[in-house]
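Beneath this line is the structure, given in structure tokens, with notes to follow.
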Amino acid sequence: MKAHTKEIQNTISPQQALDFLVEGNARFVAQKNETKDLIKEVALSANAQYPFASVLSCIDSRVATELIFDQGIGDLFNVKIAGNAVNTDVIASLEYACHFAGSKLLLVLGHTKCGAITSACQNVEFGNITALLKKFDAAKAKVSPSEPTSDYVDAVAKENVLQCISQLRTESPALAKLEQDGNIIMVGAMYDVATGKIKLV
């Protein structure tokens, strides 16, 4: 399903938008990706964009959202920041995507073996990275203290997804109202970098 026109975007419900991503990931994992004419998609989206979903994800090079969800050019808004952290600029970007550009789904996507979360669990301090890693303290506080094993890091990353959604609802009255009115849904998921699979949380 492509949302290259406003009319098509308007027919998509928030739940359908989520279904499209879940189904796309299943195709990706099964290596049954839809055939795409990317240059045609470039032309179709040149004058305007109507993505049906917005994804807040990590900068990790393994989390290539259009690929792992089997989507094309013009289908997704992408906000990428280490650890899929939330700040004012992230919120503003998502408000634009959902309120002004009509995106129906806001997906917060964490992932396994996250370097930012690992660094936070190891209490790394370096330049501006120190302040960024502090954003994950709330997630760390929700998970039983442990050595920074992969399982512990993944548990903190999953909790961070939930914390990010809560933060978006609290700090963005605009997004909260869109969700309350049924115009969008906010959903969390984890991506497994070893299998290519996503799991809703």
Count of residues meeting criterion [assigned to a helix (DSSP H, G or I), aliphatic (A, V, I, L, M) and without any contact (Cβ under 8 Å) to a residue 40 or more places away in the chain] in the stretch 139-165: 5
Selection within the stretch 19-46 - touching a Gly at 6+ places or on another chain (Cβ under 8 Å) and among the β-branched types (Val, Ile, Thr): VAL29
Residues that are surrounded by 11 or more Cβ atoms within 10 Å (Cβ to Cβ) and either farther than 17 Å from ALA85 by Cα or of a type in the set (Gly, Ala, Ser) (or both), drawn from the stretch 132-148: ALA138, ALA139, ALA141, VAL143, SER146, PRO148
Single condition THR112 does not satisfy, out of (1) touching a Cys at 6+ places or on another chain (Cβ under 7 Å); (2) closer than 30 Å to GLU147 by Cα: (1)
Helices (runs of 4 or more DSSP H) contained in the stretch 31-138 and holding at least 1 residues hydroxyl-bearing (Ser, Thr, Tyr), touching a strand residue (DSSP E or B) at 6+ places or on another chain (Cβ under 6 Å) and touching a residue at least 40 places away in the same chain (Cβ under 8 Å): 65-68
Tally, over the stretch 3-22, of residues that are in contact (Cβ under 8 Å) with a residue 12 or more places away in the chain and either over 15 Å from ASP75 (Cβ atoms) or not aliphatic (A, V, I, L, M) (or both): 10
Qualifying residue in the stretch 170-187 (condition: at pLDDT 95 or above and in contact with a His (Cβ under 6 Å, 6 or more places away or on another chain)): yes
Every residue from the stretch 189-201 that is among the charged types (D, E, K, R) and either part of a loop (DSSP other than H, G, I, E, B) or buried (at least 16 other Cβ atoms within 10 Å of the Cβ) (or both): ASP192, LYS197
The stretch 166-188, residues that are of a type in the set (A, V, I, L, M) and either assigned to a loop (DSSP other than H, G, I, E, B) or buried (at least 21 other Cβ atoms within 10 Å of the Cβ) (or both): LEU168, LEU175, LEU178, ILE184, MET186, VAL187
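The values are calculated or read from the model by the stated rules, or taken from the named source; none is laboratory data. Because the structure is predicted, anything quoted here is derived from the model rather than measured. In this analysis, Cβ positions are derived from the backbone assuming ideal geometry, glycine residues included, and neighbour counts consider all displayed protein chains.
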